[in-house]
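Student: Before I ask anything, let me first share the structure, which is written out below as structure tokens.
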Amino acid sequence: MTLLGAARISAQPQILLSFDYEYIRQGMAGVVNLSGADVLGGVIETLDRTYPFFPVTNGFASLVSVPLNQKIKKDYPLSVTVYLKDGSSVKSEGVLRVESGEYIRESNFVIPKDRMYLLDPEIQQNEDLRLTSIYSVVTPTRFWEGRFATPVNAATTSPFGSVRSYNDGSTRRHTGVDFRVTTGIPISAAATGRVVFARGLDIHGYNVIIDHGWGVFTNYSHLSQIFVVPGQVVLQGEIIGLTGNTGRSTGPHLHFEVAVNGNWVSPIEFLKLKMPT
Ligand SMILES: [Zn+2]
């Protein structure tokens with residue numbers, strides 16, 4: 001073997017790819033880590049979406065999220081493209097296993113008569129589209145440090161992902177988790193980020209959306225008062241509004257949503273996720 005040949009062999013790109021999960025449940029997220037001396041960045045493609053890698057202390061990390069209604073399947077195609085410092089790239093193919101989110105059914109959601117029109121499928125569809133378009137923005141800056149916190153110190157009443165049946169006979173998926181609170185309780189930002197939406201919507205009522213960067217958003221709904229404006233940077237724990245009963249709500253509570261790369265994910269599971277730093 002010539003020296004040149006040996007040099008070529010030793011110049012094989014060093015790429016270390018590790019998945020923090022064996023599978024991802026419907027409506028949840030998983031972390032993928034990428035490192036190596038020759039790595040400049042990368043991107044994951046799966047479930048018709050692109051999940052970029054962002055720089056962390058020891059390399060790069062990506063947050064892959066699975067839609068709430070994704071069919072359970074063992075082998076969705078997943079590809080990783082790694083960009084190298086010499087300008088080339090390496091693509092590898094793998095699979096993503098999606099398991100059940102084991103979401104429950106909840107019946108007897110009685111919307112008051114004067115708000116029944118909010119069960120109109122067109123209003124629902126318009127609002128879903130509006131929110132998912134906000135949630136699909138990927139800001140490369142990571143505003144948060146460490147773990148996300150619960151926005152209010154209260155018990156949860158209704159879990160994320162449940163299939164809810166309403167008094168008009170229709171069913172809807174629950175895109176957040178509900179906390180049991182009365183009206184007027186201060187709500188704090190789950191993590192540092194930039195406010196991107198702070199006004200009323202038909203279903204979510206008065207709500208605040210915070211962009212935390214890396215495609216992670218939190219939403220605080222049915223508020224009675226909002227104390228922040230779009231563009232404002234809020235710190236973790238900062239009071240952003242007061243709980244209420246606005247929008248399609250059956251009584252005072254806080255509806256709290258987390259979205260990752262355009263998909264609603266379980267807020268409680270997301271708070272437990274070991275986030276890269
Ligand atoms: Zn809710």
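Student: Using a Förster distance of 25 angstrom, determine the FRET efficiency expected from the C-beta separation of SER224 and ALA155, and round it to 0.05. Please list the in-between numbers first.
Tutor: Numbers: r = 20 Å, r/R0 = 0.79.
Once the sixth-power term is evaluated, E becomes 0.80.
Student: Can you order the peptides 103-111, 178-186 by their average number of other Cβ atoms within 10 Å per residue, highest first? List each step's numbers first, then the result.
Tutor: Numbers: 103-111: 13.2, 178-186: 17.0.
So the peptides 103-111, 178-186, ranked by packing, come out 178-186, 103-111.
Student: What distance in nm separates the two pseudo spin-label positions at SER35 and THR171, each 7 Å out from Cα along the beta-carbon direction?
Tutor: My value for the distance between the label points is 4.5 nm.
Student: List every residue whose amide H lies under 5 Å from the amide H of TYR76, counting only residues 5 or more places away in sequence or on a different chain, with H placed 1.01 Å from N in the peptide plane.
Tutor: Excluding prolines and chain starts, which carry no amide H, the hits are LEU96, VAL98.
Student: Another question, if that's okay. Highest mean first, how do 209-216, 164-171 rank when packing is the count of other Cβ atoms within 10 Å averaged over residues?
Tutor: Taking the mean over residues of other Cβ atoms within 10 Å, the ranking is 209-216, 164-171.
Student: While we're here: Roughly what % of DSSP beta bridges within the chain run antiparallel, to the nearest 5?
Tutor: About 95 percent, rounded to the nearest 5.
Student: Still on this structure, I have one more. Any idea how far apart ILE72 and LYS85 come out in nm if each label point goes 7 Å out from Cα toward Cβ?
Tutor: About 4.6 nm separates the two model spin labels.
Student: Between rounded, prolate and oblate, where does the range 160-277 land on the alpha carbon gyration tensor, with a ≥ b ≥ c its root eigenvalues, rounded for a/c under 1.5, else prolate if a/b exceeds b/c?
Tutor: Note, shape of the range 160-277 comes out oblate.
Student: Give the total of Lys-Lys pairs in the chain with Cα-Cα distances below 29 Å; include a pair only if its members are 8 or more places apart or on different chains.
Tutor: 11
Student: Helix 121-135 versus the longest principal axis of the chain: what angle, 0 to 90°, nearest 10, using Cα atoms?
Tutor: In the chain, helix 121-135 runs at an angle near 40 degrees to the longest axis.
Student: Something else about it: Working out 0.36 nm times the residue gap between GLU99 and ASN58, then minus their Cα-Cα distance, what length gain in nm do you get to one decimal?
Tutor: On the way: separation 41, 0.36 × 41 = 14.76 nm, distance 2.93 nm.
Full extension from GLU99 to ASN58 adds 11.8 nm.
Student: Mind running the shape call on the chain? Use the C-alpha gyration tensor, a ≥ b ≥ c as the square roots of the eigenvalues: rounded below 1.5 for a/c, prolate if a/b tops b/c, oblate otherwise.
Tutor: prolate
Student: For the chain, what does -39500 (n - 2.57) per DSSP helix run (n ≥ 4), summed and divided by total residues, give at 222 nm, in deg cm²/dmol to the nearest 500? Before the final figure, lay out each step's value.
Tutor: Working: 3 runs with 29 residues, N = 277.
Rounded to the nearest 500, it is -3000 deg cm²/dmol.
Laboratory data are not the source of any read-out in this text; all were calculated from the coordinates shown. What you see is a predicted model; the values in this text were computed from it and never measured. Don't worry about glycine lacking a Cβ; one is built from the backbone with ideal geometry, like all the others, and counts go over all protein chains shown.
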